[in-house]
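Chemist: Dropping the structure in here first, questions after.
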Amino acid sequence: MKNLKKQDPQIYRAIKGELKRQQEGMEMIASENYVSEAVLEAMGTILTNKYSEGYPGKRYYGGQKYIDVIESLAIERAKKLFGADHANVQPLSGAPANMIAYSAVLKPGDKVLGMDLSHGGHLTHGHPVTLSAKVYNFVRYKTGKDGKIDYKELEKMALKEKPQLILAGFSAYTRQLDYKKFSAIAKKVGAITMIDIAHIAGLVAGKAIPNPVPYFDIVTTTTHKTLRGPRGGLILCKKKYAEAIDKAAFPGFQGGPHEHQVAAKAVCFGEALKPAFQKYATQVIKNAKVLETELKKHGFKIMFGGTENHMVLVNVFGSKGVSGKEAEAALDKIGITINKNMIPDDPRSPMDPSGVRIGVPAITTRGIKEKEVVKIAKWINQAIENYKDEKTLKAIHKEVIVLCKKFSVYKNLKY
Ligand code: DSN
């Protein structure tokens, strides 16, 4: 980055600092990951200079010879990876992907059943503060006492509400969804089915959990979480909805696609098609299970009855009398990054909730396995139990840095 260093030292220093933070910290925010250097290279290219409204072979501007090659490769790889009829690789990220999908098949005011945020859902699944809730009429379902979605309740709700769309998917739920049940309920009420697999896309691509694509009309995802690609979005759908999705993305919602991002998505899909990615996805699930088991041994209450994916939701306030905000701050001090999170029907506020969400996709990318996860769970417990004791936190932080250096990321990246 010699040009950046010379021309804009302030930005250069901040990027260099962030690289050190990522290398020397244990990234355990469930939605984050480390992309490969090949993905980084594709992102940082002259492709950012190009406007390419439209789709391969049908563009509004000239000069699309190479852009069409790139976007077509991204589309074909995404279809192959997930076994989908159609892929739109242009959504800038997950939130726009969801708004595009809704607008492709719904009219303003139409009804959608979506999962409640505090029960693991996502803001863009109809939380009142979002545009989605202003345009569409969301009714939100919750998990039952056993932590699972009560499909009988969901069916009753669907029969009563008669939604145009039934939406599955989450950002903090840890159990495997029953795709067939969602599909059967939707069929009964004549609703379209959509699933947001932003969190689990990499686990699906790596065949570590079942693929929802055959059961849902529309599938949205981000590409930067377990899928380990660039920050971005993707929509997959049945042939029947392909034209509506493409029109809703452009010109309906977005302008020119970000083709440097599309190129990086293509590289990521190519990586996920390789056998090594299946090993990665399987190890993510193993690491999350060990994290759950160890945290339970340390006396933590794990929500939803445990995990079947890449993360755990922990009721830290109910377990140790330490709030989610305090736990997040304590873990920050030992170099473990996580996020505070609501638990179902949380009596506390979103800015200082009862829970924390902890995920293993990024630490698994750096090569961490079960043995080290046991250590990490021990540190998490020590830090939370001693959250006011700066000396203890400092001592643990030193140990975390040693482990991070042993399992380094971006070995060859020199800024
Ligand atoms: N911010 C993402 C997450 O952390 O799950 C979802 O939008």
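Chemist: Jot down the per residue volume, in cubic angstrom and as a whole number, of the convex hull over the alpha-carbon atoms of the range 336-415. Could you put the intermediate results ahead of the total?
Modeler: On the way: hull volume 11.1 nm³, N = 80.
Convex hull of Cα atoms, per residue: 138 Å³.
Chemist: Between their Cα atoms, which of Lys240/Lys279; Lys286/Lys320; Lys5/Lys58; Lys134/Lys181 are more than 30 Å away from each other?
Modeler: On the way: Lys240/Lys279 34 Å; Lys286/Lys320 26 Å; Lys5/Lys58 40 Å; Lys134/Lys181 28 Å.
Listed pairs above 30 Å: Lys240/Lys279; Lys5/Lys58.
Chemist: About the Cα centre, and with charges only on the beta carbon of Lys, Arg (+1) and Asp, Glu (-1), how big is the dipole of the range 1-155? Nearest 20 debye, please.
Modeler: Values: 22 positive and 18 negative charges, 87 e Å.
So the magnitude is around 420 debye.
Chemist: What is the Cα radius of gyration of the range 269-311 over 2.2 N^0.38 Å, N being its residue count? Write out the running numbers ahead of the final one.
Modeler: On the way: Rg = 13.3 Å, N = 43, 2.2 N^0.38 = 9.2 Å.
Taking the Cα Rg and dividing by 2.2 N^0.38 Å, one obtains 1.44.
Chemist: Could you bin all the Cα-Cα distances of the range 279-350 into 5 Å bins starting at 0 and give me the percent of pairs in each, rounded to whole numbers?
Modeler: Using 5 Å bins, I get a P(r) of 3, 16, 23, 26, 20, 9, 3, 1 for the range 279-350.
Chemist: Identify the trypsin sites (Lys or Arg not before Pro) of the range 83-177 meeting these criteria: DSSP loop state and at most 12 other C-beta atoms within 10 Å of the C-beta.
Modeler: Working: sites: Lys111, Lys134, Arg140, Lys142, Lys145, Lys148, Lys152, Lys156, Lys160, Arg175; in loops: Lys142, Lys145, Lys148, Arg175.
Within the range 83-177, the qualifying trypsin sites (Lys or Arg not before Pro) (loop, at most 12 other Cβ atoms within 10 Å) are Lys145.
Chemist: For Lys394 and Glu76, compute 0.36 nm times the residue count separating them, minus their Cα-Cα distance, and round to one decimal in nm.
Modeler: Numbers: separation 318, 0.36 × 318 = 114.48 nm, distance 4.91 nm.
Extending this stretch completely gives an extra 109.6 nm.
Chemist: Where a Cα-Cα gap under 20 Å defines reach, which aspartates and glutamates qualify for Lys371, not counting those fewer than 8 residues away within the same chain?
Modeler: Within the straight-line limit of under 20 Å, Lys371 reaches these aspartates and glutamates: Glu24, Glu27, Glu292, Glu294, Glu308, Glu399.
Chemist: Can you tell me the length gained on complete extension of the stretch Asp8 to Asp345, counting 0.36 nm per residue apart and subtracting the Cα distance?
Modeler: On the way: separation 337, 0.36 × 337 = 121.32 nm, distance 4.70 nm.
Computed gain between Asp8 and Asp345 is 116.6 nm.
Chemist: Hey, another quick one. Of the cross-linked pairs Lys333/Lys391; Lys148/Lys301; Lys289/Lys394, which ones have a Cα-Cα span greater than 20 Å in the structure shown? Please report the intermediate quantities before stating the final value.
Modeler: On the way: Lys333/Lys391 11 Å; Lys148/Lys301 16 Å; Lys289/Lys394 28 Å.
Long pairs (Cα-Cα over 20 Å): Lys289/Lys394.
Chemist: Right, here's the next one. Quick one: length gained pulling Lys405 to Thr45 fully straight, 0.36 nm per residue minus the C-alpha distance? Can you show the working numbers first?
Modeler: Numbers: separation 360, 0.36 × 360 = 129.60 nm, distance 2.94 nm.
That works out to 126.7 nm of additional length.
Chemist: A further question on this structure: With a 1.4 Å probe and all protein chains left in place, how much of the accessible area of the chain comes from carbon and sulfur atoms, in whole percent?
Modeler: Ligands and nucleic acids excluded, carbon and sulfur give 56 percent.
Chemist: How long, wide and thick is the range 35-178, going by the Cα atoms along their three principal axes, in whole angstroms, largest first?
Modeler: 54, 34, 29
Chemist: If you don't mind, another one. Name the residue farthest towards the positive end of the dipole of the range 255-324 from the options Phe269, Thr307, Val290, assuming +1 on Cβ of Lys and Arg, -1 on Cβ of Asp and Glu, about the Cα centre.
Modeler: Selected residue: Val290.
Chemist: Within a Cβ distance under 13 Å of Lys111, other residues only, what is the Lys/Arg minus Asp/Glu net charge? Mind dumping the intermediate values first?
Modeler: Working: positive: Lys107, Arg140, Lys160, Lys162; negative: Asp110, Glu161.
Net local charge, Lys111 excluded: +2.
Chemist: Rank these residues by their accessible area, most exposed first, probe 1.4 Å: His298, His199.
Modeler: Details: His298 50, His199 5 Å².
Largest accessible area first, the residues go His298, His199.
Chemist: Got a sec? Charge dipole of the chain, +1 on Cβ for Lys and Arg, -1 for Asp and Glu; which of Pro128, Gln278, Leu159 is way out at the positive end?
Modeler: Checking the options against the dipole of the chain, the answer is Gln278.
Chemist: Taking the Cα centre of the range 224-286 as origin, work out the dipole magnitude from +1 charges on Lys and Arg Cβ and -1 charges on Asp and Glu Cβ, in debye rounded to 20.
Modeler: On the way: 11 positive and 4 negative charges, 71 e Å.
That gives the range 224-286 a dipole magnitude of about 340 debye.
Chemist: What size of dipole, in debye to the nearest 20, comes out for the chain about its Cα centre when the only charges are +1 on Lys and Arg C-beta atoms and -1 on Asp and Glu C-beta atoms?
Modeler: Details: 65 positive and 41 negative charges, 133 e Å.
It comes to approximately 640 debye.
Chemist: Compute the projected area of the convex hull of the Cα atoms of the range 63-140, averaged over all viewing directions, and report it in nm² to one decimal place. Walk me through the intermediate numbers first.
Modeler: Details: hull surface 27.2 nm².
Value for the range 63-140: 6.8 nm².
Chemist: Same structure, new question: Using the scaling law 2.2 N^0.38 Å as the reference, what is the normalised Cα Rg of the range 1-82? Let's see the in-between values first.
Modeler: Details: Rg = 17.4 Å, N = 82, 2.2 N^0.38 = 11.7 Å.
Cα-based Rg divided by the globular estimate yields 1.48.
Chemist: Probe of 1.4 angstrom, ligands and nucleic acids ignored: what's the accessible area per residue over the chain, in square angstrom? Could the numbers behind the result be given before it?
Modeler: Details: 18440 Å² over 415 residues.
Per residue, the chain has 44 Å² of solvent-accessible surface.
Chemist: Can you give the helix-only mean residue ellipticity at 222 nm for the chain, where every DSSP H stretch with n ≥ 4 adds -39500 (n - 2.57) and the sum goes over all residues, rounded to the nearest 500 deg cm²/dmol?
Modeler: Values: 17 runs with 190 residues, N = 415.
Roughly -14000 deg cm²/dmol at 222 nm, from the helical runs in the chain.
Chemist: On the principal axes of its Cα set, how long, how wide and how thick is the chain? Give whole Å, largest value first.
Modeler: For the chain, the Cα spread along each principal axis is 61, 60, 37 Å.
Chemist: Hey, could you pull the Cα Rg and Dmax for the range 181-312, both in Å?
Modeler: Radius of gyration, then largest Cα-Cα span, for the range 181-312: 17.3, 53 Å.
Chemist: Moving on to the next point. With only alpha-carbon atoms in the gyration tensor, what are the semi-axes of the equivalent ellipsoid for the range 253-395, in Å, largest first?
Modeler: 30, 19, 15
The values are calculated or read from the model by the stated rules, or taken from the named source; none is laboratory data. Note that this is a predicted model, so its numbers are computed, not measured. When we count neighbours, we look across all protein chains shown, and the Cβ atoms used for this are built from the backbone with ideal geometry, even at glycine. Heads up: the accessible areas ignore ligands, DNA and RNA and are worked out on the full protein's heavy atoms, side chains in. Shrake-Rupley method; radii C 1.70, N 1.55, O 1.52, S 1.80 Å.
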